[in-house]
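Report on one structure; see the data block that follows.
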Amino acid sequence: MTEVGGASRGGDTASHDDDPLKELSAIRDSIDNIDAALIHLLAERFKCTQKVGRLKAKHGLPPADPEREATQIARLRALAEQSHLDPAFAEKFLTFIIDEVIHHHQAIAAGREADSGNLTS
């Protein structure tokens, strides 16, 4: 039995037992809402990292910060474990984001902020 949107799913509601397609649709609606929230959160995160990139470029700081990255990965792996999410998946996801942020910071430092993507509009 899993929880979706705060409600327990797994055959505990007679109407869902009678119509698995209705239950599937309800679960997928929840997934769609979560996906939308993830996109909005990522957009906000990248707005912040763009500010970080501009600040680093202005002060001649390197685009990457391996110590911070390692700390973040360790912190998010622990959060993943607490949330019953595969820590290896969480690390891969964060590593992908970090790599993209570094790419954007490198573009900003090289004066190619337009190359860093349309993250602030």
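What follows draws every value from the coordinates through simple rules; no lab data is involved. Predicted, not measured: the structure shown is a model, and the values here were computed from it. Virtual Cβ from ideal backbone geometry, glycine too; neighbours counted across all protein chains shown.
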**Study point:** FRET E, pair residue 81, residue 27, Förster distance 25 Å, beta-carbon r, rounded to 0.05
**Key:** 0.55
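What does the extension gain come out to for residue 88 and residue 55, with contour length at 0.36 nm per residue minus their alpha carbon separation? Intermediate results must be reported in sequence, preceding the final value.
Working: separation 33, 0.36 × 33 = 11.88 nm, distance 3.11 nm.
Using 0.36 nm per residue and subtracting the Cα-Cα distance, I get 8.8 nm.
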Revision key, fill the gap. For residue 58, the lysines lying under 25 Å Cα to Cα, once residues fewer than eight places off in the same chain are dropped, come out as 47
**Study point:** 15 Å beta-carbon shell around residue 75, net charge (K/R +1, D/E -1)
**Key:** -2
